[in-house]
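Got a structure here, written out as structure tokens. Questions coming.
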Amino acid sequence: EFVGNILIGSGVDNNVDKLQVNGTITHKGLSLSSGTNIDQVVTITKTLTLINDWIDTGISATDLVKGTYIIQLYANDFSVGGANVNEYYSGIMSWYDSVPNTNSTLPTDEITLHRSGGSNGDAGIYLRTYRTNSDKVKLQIFSIYNNTASSNYVFSFRRII
């Protein structure tokens, strides 16, 4: 429900799909939408059997557009040998959606994670981006436990830049 006035400068052009405001906008909340634009959220659920080694999550390249993201991982794998009970991990990562244009080799960059939830001891999940000169970037996951079966892992990405 709108209460108050809207003041628009010299006119409105109904043939464009944007609103340009000179000045400050104040709002009482932000409703996130799905997508890859700034402040949109992409959620990808992967069924994985974690082991005590790095494995691909299946998230790679054009699943996200290039930028800087807040990443959140939800894990609940205690019933299959993991240690996560409704555990949320979060961190910040950079993403590049094309093959690198250089001869340098920077194959991995670990994503520093914070976690909170009901884990049993050291939940031990780690994330990193992996790339080579011939590959596009991939998201990989590591566990200190060898799970006995697969579990769903929910990855959410919010592009901030």
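Within 13 Å, Cβ to Cβ, of Tyr130, how many net charges do the neighbouring residues add up to if Lys/Arg are +1 and Asp/Glu are -1? Display every interim value, and only then the final one.
Values: positive: Arg128, Arg131, Lys136, Lys138; negative: Asp53, Asp56, Asp109, Glu110, Asp135.
Net of charged neighbours comes to -1.
Could you calculate the FRET efficiency of Asn146 with Ser98 from 1/(1 + (r/R0)^6), where r is the beta carbon distance between them and R0 is 35 Å, rounded to 0.05?
0.50
Now for a different question. Add +1 for every Lys or Arg and -1 for every Asp or Glu among the other residues with Cβ under 14 Å from the Cβ of Ala75, and state the total. Write out the running numbers ahead of the final one.
Working: positive: Lys46, Arg115; negative: Asp77, Glu87, Asp122.
Computed value for this residue: -1.
Here, each number is a calculation from the coordinates, and none is a lab measurement. What you are looking at is a predicted structure, and each value in this text was computed from that prediction instead of being measured. When we count neighbours, we look across all protein chains shown, and the Cβ atoms used for this are built from the backbone with ideal geometry, even at glycine.
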